[in-house]
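Reviewing the structure listed below.
The values are calculated or read from the model by the stated rules, or taken from the named source; none is laboratory data. Not measured: the values here are computed from a predicted model. Neighbour counts are summed over all protein chains in view; Cβ atoms, including those assigned to glycine, are modelled from backbone coordinates with ideal geometry.
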Amino acid sequence: VQLQASGGGLVKAGGSLRLSCAASGSIFSISVISWFRQAPGKERELVAISTSGGSTNFADSVKGRFTISRDNAKNTAYLQMNSLKPEDTAVYFCNVYGVNHDYWGQGTQVTVSS
């Protein structure tokens, strides 16, 4: 299974972006889907998580601004990012994790200018 992350780009502070993570196989319905990000010189951090049961959780730094969603039929997950801040600048990665699998996308760059 391969994951393809897309949707990153350059946006001004206060703007929005929607990231997508598409899988080549039908694994979403049995997986936890997460978005991580890694800024230059910093460790990778968990941004948002969506369980197969429908629960979601977010890092405190993005609560109220980011939304995670998933379309299991399309094997695609989304990260809607609103009210973006310069500190959201990072490479964003999607992760799809299950009992027998742990896949990472290649990352997509998000740059927020002030």
Pick from the range 105-114 the residues that are under 11 Å from the mean Cα position of the chain (by Cα) and at pLDDT below 95: which of them is nearest to Ala77 (Cα to Cα)? Gly105
Assuming Ala59 fulfils every condition listed in (1) over 13 Å from Asp88 (Cβ atoms); (2) under 13 Å from the mean Cα position of the chain (by Cα) apart from one, which condition is it? (1)
